[in-house]
1. Taking only segment 23-42 into account, find how many residues are part of a loop (DSSP other than H, G, I, E, B), closer than 17 Å to residue 7 by Cβ and open to solvent by 50 Å² or more (accessible area, probe 1.4 Å).
2. For segment 43-69, give me each residue that is within 10 Å of the chain's Cα centre (by Cα), touching a residue at least 24 places away in the same chain (Cβ under 8 Å) and surrounded by 15 or more Cβ atoms within 10 Å (Cβ to Cβ).
3. With respect to the numbered conditions (1) in a helix (DSSP H, G or I); (2) exposed (fewer than 15 other Cβ atoms within 10 Å of the Cβ), which one is the sole condition not fulfilled by residue 20?
Amino acid sequence: MQTSDVQKLILDQIDDIEVKVESDGSHYQITAIGNVFAGLSPVKKQQLIYACLNKYIIDGTIHAVIIKTFTPDEWAAKA
């Protein structure tokens, strides 16, 4: 699965979010930025992303995922 496919899966299911995906084979690193993460616990933030990809994790297409999530303010502060 291409990084653009993973990105599209997330963008199609979560509105108003910016997603960057890098991969090394079937291992993906996802950085997601959006107001949707405001007020959520770290676990809830990751669950939002996992929910978009779960079918492909279960069938083995996606083997491993590292997810980093930020609100726009958190992302701006990181820079």
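The values are calculated or read from the model by the stated rules, or taken from the named source; none is laboratory data. Quick caveat: nothing in here was measured; it's all calculated off a predicted structure. Note that we place each Cβ from the backbone using ideal geometry, even for glycine, and neighbour counts take in every protein chain shown. Heavy atoms of the whole protein, side chains included, go into the accessibility calculation; ligands, DNA and RNA do not. Shrake-Rupley method; radii C 1.70, N 1.55, O 1.52, S 1.80 Å.
1. 1
2. If the condition is that a residue be within 10 Å of the chain's Cα centre (by Cα), touching a residue at least 24 places away in the same chain (Cβ under 8 Å) and surrounded by 15 or more Cβ atoms within 10 Å (Cβ to Cβ), then 45, 48, 49, 52, 53, 65, 67, 68, 69 are the ones that fit.
3. (1)
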